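The values are calculated or read from the model by the stated rules, or taken from the named source; none is laboratory data. Source: prediction; values computed, not measured. Every residue, glycine as well, gets a Cβ built from its backbone with ideal geometry; the counts of neighbours run over all protein chains shown. For the accessible areas, the whole protein counts, side chains as well, though only heavy atoms, and no ligand, DNA or RNA atoms are used. Shrake-Rupley method; radii C 1.70, N 1.55, O 1.52, S 1.80 Å.
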Amino acid sequence: MPDHVTERVTLARLPSGMDVATTVHQYIGAGTGPTVYIQAAQHGREINGTEVCRRLHNRLTGGRMAGKVVVVPVADPLTFDRVSYTTPESIDSVNSNMNRCWPGDEDGTVHERMAARLWEYAGEADAIVDLHTGSPEMLTHVVYTEGHEASRTLAETFGVDLLLSEPAGEDANHEWKARGFDGKLRVVAAREDIPTITPELAHNKQFVESAIDAGVMGLLNVLRSLAVIEGQVIRSGEPTIARNHLGRVDAAAAGLFRVDDGIELGDHVAPGTTVGTVYDPTTYEALQTATVEEAGILYALTREATVNAGDRLASVAIERDI
């Protein structure tokens, strides 16, 4: 069985002098092999990934392995304690989202310092899995950086039905750059030629067994494919490969959003397909008929009725030929 070592690591300090700390688990096998870095809860409300790490712990400590697996079940304690996606401006006015400031800066803002400390582990890895979760109404999928073939291979190995490639750098559009996506862990690691994937397990704030099971199986597939643990990679079939951040349907006005009857996740939708209506709750006036612009697979849909202008109502995965 592997050696299991835990370390309480200080990521940053608050004005009071209180440490922002987390626990790093290291599983060290008897034989030589690659180092795999796994983290969860970079966004604090995304707790299914943390449960995946706990269940992986039980599998790793009960069997044989080679190489080293580094696991951080709570990457951002600040958002975790707040059950939030970002931190308040009072904590980090420059980088409220930790996943926009990798590889960090040991002399920078709170989140930059936290990312820099964890990059000491991630930057030395041979492969990285950054576990995330999305909204309750979302198909589990894996995101990888477009053009980085080793990351694509790792995404295929994870074993889910939908893979989304995301352009980066000069290949990305203006919105991608404006939102600071070049500071995502996955993007920075791929730039350093480290195969890296972001599984989006679906659901947040609640444990959902289907999402957790997909995460555990995916991690075991990754570790098997790298010969860290024994066993065959288990796939559900040939995955659909599509492009990320191209098929969004956003709210053009604030109001209440009612999803059309018959619209379901996984539907193949055509341009012009109506997914729902935004209306004024006081006058009952229809403010927007939310329609799909490009053909693809409906992989995310909001069921939260109250929306603001700019909120995402639905996401469509636009299938690629290769």
Rel. contact order, % - alpha carbon contacts under 8 angstrom, at least six apart, the range 31-85 = 55 percent
request  = For the chain, calculate the relative contact order in percent as a whole number, restricting contacts to Cα pairs under 8 Å that are 6 or more residues apart.
outcome  = 16 percent
ask   = Which part of the range 52-94 falls in the paramagnetic zone of K205, meaning amide N under 18 Å from the point 7 Å along Cα-to-beta-carbon?
value = 79-88
query = Packing-wise, with mean Cβ within 10 Å as the measure, how do 299-307, 228-236, 38-46 rank, highest first?
reply = 38-46, 299-307, 228-236
key: Positive dipole terminus of the chain, leading residue within T274, N48, Y284 (C-beta point charges)   = N48
message = Probe radius 1.4 Å, ligands and nucleic acids ignored: give me the carbon and sulfur share of the accessible area of the chain as a rounded percent.
response = 46 percent
key: Accessible area of the chain divided out per residue, in Å², using a probe of 1.4 angstrom   = 45 Å²
Size of charge dipole - the chain - debye, nearest 20, with Cβ of Lys, Arg +1 and Asp, Glu -1, no other charges = 880 debye
inquiry  = Using only the alpha-carbon atoms of the range 269-322 as identical scatterers, what base-10 log of I(q)/I(0) does the Debye formula give at q = 0.16, 0.20, 0.21 Å⁻¹?
reply    = -0.53, -0.75, -0.81
ask   = Rounded to the nearest 0.05, what FRET efficiency is calculated for R55 and A21 with R0 set to 22 Å and r the Cβ-Cβ distance?
value = 0.40
inquiry  = Given R₀ = 22 Å, what would the calculated FRET efficiency be for D213 paired with D3, taking r from the Cβ atoms and rounding to 0.05?
reply    = 0.20
message = One quarter of the convex hull surface, Cα atoms only: what value does that give for the range 169-317 in nm²?
response = 11.7 nm²
remark   = P88 neighbourhood, Cβ < 14 Å, K/R = +1, D/E = -1, net charge -3
ask   = So who's got an amide H within less than 5 Å of the one on I38, skipping anything under 5 residues away but keeping other chains? H placed 1.01 Å off N, in plane.
value = V70, V71, V72, V129
Kirkwood-based shape ratio for the range 1-117, expressed as Rg/Rh from alpha carbons = 1.02
